[in-house]
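The values are calculated or read from the model by the stated rules, or taken from the named source; none is laboratory data. These numbers were taken from a predicted model, which means no experiment stands behind them. All Cβ positions, glycine included, derive from the backbone under ideal geometry; neighbour counts span all protein chains shown.
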Amino acid sequence: MIIIAHRGISGRAPENTAAAFERMIDLNVDWLETDIDITRDGKLILIHDDIVDRTTNGSGEVNNFNFEEIDALDAGSWFDKKFATERILTLDALIRFINANHLNVNLELKTKAQDNLRERYLKEIVAAIGTLADDVELIVSSFDHELLWDLHKLASDVQIGMLVDGAVPKNWVDVAKAHDVAYLHPDAKFVTSDLITEAHANNIGVNVWTVNRVEVMNRMYESGVDAIFSDFVNV
């Protein structure tokens with residue numbers, strides 16, 4: 001079972017920042033997950049929410065900021081004052097880090113961008129993926145399945161993961177097969193051995209979010225999941 005650092009080691013450092021990803025190296029963790037959005041002027045950045053309020057000292061919708069404005073925000077003090085110098089990372093910067101350290105990555109598509117900005121978002125992600133080193137394993141996932149399907153049309157060789165919020169729909173296998181889904185990403189609360197058996201029988205992997213307790217991690221291992229996302233990794 002693979003353990004994937006959820007937004008980096010986000011239980012120990014502010015999520016999706018350099019500090020959170022750098023902690024992976026000392027812990028010998030080689031898989032990370034991060035969330036991608038886009039600024040008004042077309043820069044891909046790593047942030048989970050569609051507003052900056054929770055994880056920075058700013059306020060407002062991500063898609064309404066230029067990158068210069070985003071880059072001026074403090075993305076660490078909300079977690080601890082010692083991280084006051086942390087800034088919102090660009091996807092380009094993360095890819096350089098991934099390539100240099102031979103890591104693997106799950107990129108989660110998270111944006112409310114519309115119209116031309118949405119189209120640019122998808123095209124810029126495809127271009128960024130093209131800069132990953134040949135030895136990097138990649139999964140692209142999203143709760144926004146239409147966005148995920150559109151990305152897959154532009155990059156059909158990329159393995160995609162279908163994120164599910166809440167109970168897994170009964171017709172999930174049909175949906176997955178119709179869109180060449182490689183992985184199901186369910187909430188740990190809804191994972192059963194039968195679900196894992198069904199997925200594996202259809203050659204679909206199961207990567208589970210977000211596991212931060214030892215007893216849940218053990219249950220996932222016994223169920224036969226392929227990977228778990230965790231904020232702490234070494235719980």
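Kindly establish whether residue 188 is surrounded by fewer than 19 Cβ atoms within 10 Å (Cβ to Cβ) and among the small types (Gly, Ala, Ser). Here the answer is no, as residue 188 does not meet what is asked.
Scanning region 170-217 for residues that are over 21 Å from the mean Cα position of the chain (by Cα), within 30 Å of residue 9 (Cα to Cα), touching a residue at least 12 places away in the same chain (Cβ under 8 Å) and in a loop (DSSP other than H, G, I, E, B) yields a total of 1. Please go through region 172-225 and give me each residue that is more than 21 Å from residue 6 (Cα to Cα) and of a type in the set (S, T, N, Q), ordered by number. Answer for region 172-225, where residues must be more than 21 Å from residue 6 (Cα to Cα) and of a type in the set (S, T, N, Q): 192, 193, 197, 202, 203. Quick check, is residue 233 assigned to a loop (DSSP other than H, G, I, E, B), more than 21 Å from residue 177 (Cβ to Cβ), free of Cβ contacts under 8 Å to residues at least 40 places away in the same chain and not charged (D, E, K, R)? When the stated conditions are applied, residue 233 does not pass them.
Count of region 67-87 residues, restricted to those that are within 22 Å of residue 33 (Cβ to Cβ) and either exposed (fewer than 14 other Cβ atoms within 10 Å of the Cβ) or in contact with an Asp or Glu (Cβ under 7 Å, 6 or more places away or on another chain) (or both), is 4.
For region 67-99, how many residues are polar (S, T, N, Q) and either under 21 Å from residue 111 (Cβ atoms) or touching a Pro at 6+ places or on another chain (Cβ under 7 Å) (or both)? The qualifying residues number 1. For region 198-235, taking the residues that are among the hydroxyl-bearing types (Ser, Thr, Tyr) and more than 22 Å from residue 21 (Cα to Cα), the one that is surrounded by the fewest Cβ atoms within 10 Å (Cβ to Cβ) is identified as 221.
For (1) in contact with a helix residue (DSSP H, G or I) (Cβ under 9 Å, 6 or more places away or on another chain); (2) farther than 30 Å from residue 12 by Cβ; (3) acidic (Asp, Glu), each residue gets a yes or a no:
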residue: 90; (1), (2), (3): yes, no, no
residue: 95; (1), (2), (3): yes, no, no
residue: 106; (1), (2), (3): no, no, no
residue: 109; (1), (2), (3): yes, no, no
residue: 117; (1), (2), (3): yes, yes, no
residue: 122; (1), (2), (3): yes, yes, no
residue: 139; (1), (2), (3): no, no, no
residue: 159; (1), (2), (3): no, no, no
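Against the test of being in a helix (DSSP H, G or I) and either modelled with pLDDT of 95 or more or touching a Phe, Trp or Tyr at 6+ places or on another chain (Cβ under 9 Å) (or both), the options 128, 133, 167 yield a single qualifying residue, 128.
On the basis of being farther than 22 Å from residue 30 by Cβ and touching a Lys or Arg at 6+ places or on another chain (Cβ under 9 Å), does residue 147 make the cut? So residue 147 passes the test.
Of all the criteria given as (1) farther than 16 Å from residue 90 by Cβ; (2) of a type outside the set (Phe, Trp, Tyr); (3) in contact (Cβ under 8 Å) with a residue 60 or more places away in the chain, the one not satisfied by residue 58 is (3). All conditions in (1) farther than 18 Å from residue 90 by Cβ; (2) part of a strand (DSSP E or B) hold for residue 35, with the sole exception of (1).
The rows are residues; the columns are (1) of a type outside the set (Asp, Glu); (2) surrounded by 14 or more Cβ atoms within 10 Å (Cβ to Cβ).
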site	(1), (2)
58	yes, yes
65	yes, yes
104	yes, yes
107	yes, yes
115	no, no
118	yes, yes
128	yes, yes
148	yes, yes
153	yes, no
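Residues in region 57-107 that are farther than 26 Å from residue 138 by Cα, aromatic (Phe, Trp, Tyr) and in a helix (DSSP H, G or I): 83 only.
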